Amino acid sequence: MLRYFIILFVSISLSACADRTVSEVVPSAATIGTPETIFVSTSRAREANGYYGFRRGETIKFLDTTVSIPPNHTPGTLKFSYANPNPQKEFVLANVTELSGPSGLREHLRGEDDVTIFVHGYNSTQTETIFRAAQLTHDIGLPGSTLVYSWPSRATGYGYAYDLDSMLFARDGLEQTIRELKSLGVKRVTLVAHSMGGALSMEMMRQAELQEPGWANRNIEGVVLISPDLDLDLFRSQMKRIDNPPDPFIVMVSQKDKILNISGRLRGTDEGQRLGNISSVASLEEFPISIVDTTAFNRDAQSSHFVAATSPALLSIISSLRLVNNTFGREDRPVIDILVPPSERNADGATEIVLTETGQAQVTTP
């Protein structure tokens, strides 16, 4: 057990080396790199210096941001600086504008049919999350608009307990964000959550279902949980409260996820198991979800805890599938339907999909 605390201590020391709350805005960067618009809904409090830090806000704020993606960007990589950013080589904020609430967002989303909400995980600043969302949007070619739900993470290696409380605090804000988008006329809202953001998303859907059974399916087009840092028993209890879950409902896992292995062992679970690194779907077979195993792509991924965003090979496959959608005029068709047609998936329970390095999908239905 000692070695796990040593690893955590090292991560704390490294994360303390830079002021991660500083986010320089360089308007001229938009003329150098490729501009990507990322909207933000945040439950972080705004500090006196104008930045959104770790304190919890009393109301939801909406932002319009522009990220400049460097000309030499390689899919799966995310390079940026906390000070003196170089637009030729790094992701840079070119604009940050606070909107006048949902009404301000309405002007930007007028006529928009699709919005993907990206929910970050533990130890994340608002700017880092905006950059990651811009990278994913650019590398995959997500349809419509992308919006980050930025919840008040402490953004330090030693802030795990604070982030757990903040994750629960942020449930109402995420639900409100989805309700606002639907009230603005957005037809399809897709929820993409990473790590602890997966726990937040599940808790939000559970609480909404307790108030309005069927809410998640009526308001969310699809759910993608990437490397969810979530206890299996807890996930099962949450799923049992969600009447008719959104379809598709995808859980992306990797059996070589080092961070989840540590998280599980510190919690005393067998072999460090969390939802995001499960080796068997047997305990989830009753739920209509797809478990996508990305372990094969761990080799070229920059992060074993975020293979879906940092593996150039996997991103290339997902991007190609999106291109096929667009070519045949099926932009609204989920990528999972092309990867594995509904006829090959378990209509009544879980489907395990193991992706190989060649892009083939090996399907198992319990």
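Each row is one residue, and each column tells you yes or no for (1) part of a helix (DSSP H, G or I); (2) modelled with pLDDT of 95 or more.
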| site | (1), (2) |
| --- | --- |
| 29 | yes, yes |
| 44 | no, yes |
| 60 | no, yes |
| 106 | yes, no |
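Among the residues of the stretch 312-322, are any at pLDDT below 90, within 23 Å of residue 145 (Cβ to Cβ) and of a type in the set (Ser, Thr, Tyr)? Yes. Among all positions in the stretch 146-157, there is at least one residue which is among the hydrophobic types (A, V, I, L, M, F, W, C), modelled with pLDDT under 95 and in a loop (DSSP other than H, G, I, E, B). All told, residue 195 meets the bar of being in contact with a strand residue (DSSP E or B) (Cβ under 8 Å, 6 or more places away or on another chain), hydroxyl-bearing (Ser, Thr, Tyr) and closer than 30 Å to residue 354 by Cβ. When residues in the stretch 38-73 are screened for being among the β-branched types (Val, Ile, Thr) and within 13 Å of residue 127 (Cα to Cα), 6 of them pass. Scanning the stretch 80-101 for residues that are over 17 Å from residue 38 (Cβ atoms) and not hydrophobic (A, V, I, L, M, F, W, C) yields 81, 82, 84, 86, 88, 89, 100, 101. Of the residues in the stretch 207-227, none is touching a Leu at 6+ places or on another chain (Cβ under 8 Å) and among the acidic types (Asp, Glu).
Considering (1) modelled with pLDDT under 95; (2) buried (at least 16 other Cβ atoms within 10 Å of the Cβ); (3) not aromatic (Phe, Trp, Tyr), say which one residue 40 fails and leave the rest. Of (1) modelled with pLDDT under 95; (2) buried (at least 16 other Cβ atoms within 10 Å of the Cβ); (3) not aromatic (Phe, Trp, Tyr), only one is false for residue 40: (1).
Figure legend. Inter-residue proximity from the stretch 155-182: first residues of a type in the set (Phe, Trp, Tyr), second residues not in a helix (DSSP H, G or I), beta-carbon distance below 6 Å, spacing 6+ or different chains. Indicated pairs: 162/154; 169/56. When residue 168 is tested against (1) surrounded by 23 or more Cβ atoms within 10 Å (Cβ to Cβ); (2) more than 22 Å from residue 336 (Cα to Cα), only condition (1) is not met. Among the candidates 290, 311, 279, the residue that is more than 22 Å from residue 133 (Cα to Cα), crowded, with 22+ Cβ neighbours inside 10 Å and polar (S, T, N, Q) is uniquely 290.
The values are calculated or read from the model by the stated rules, or taken from the named source; none is laboratory data. All values derive from a computational prediction rather than experimental measurement. For neighbour counting, all protein chains shown are included, and Cβ atoms are generated from backbone atoms with ideal geometry for every residue, glycine included.
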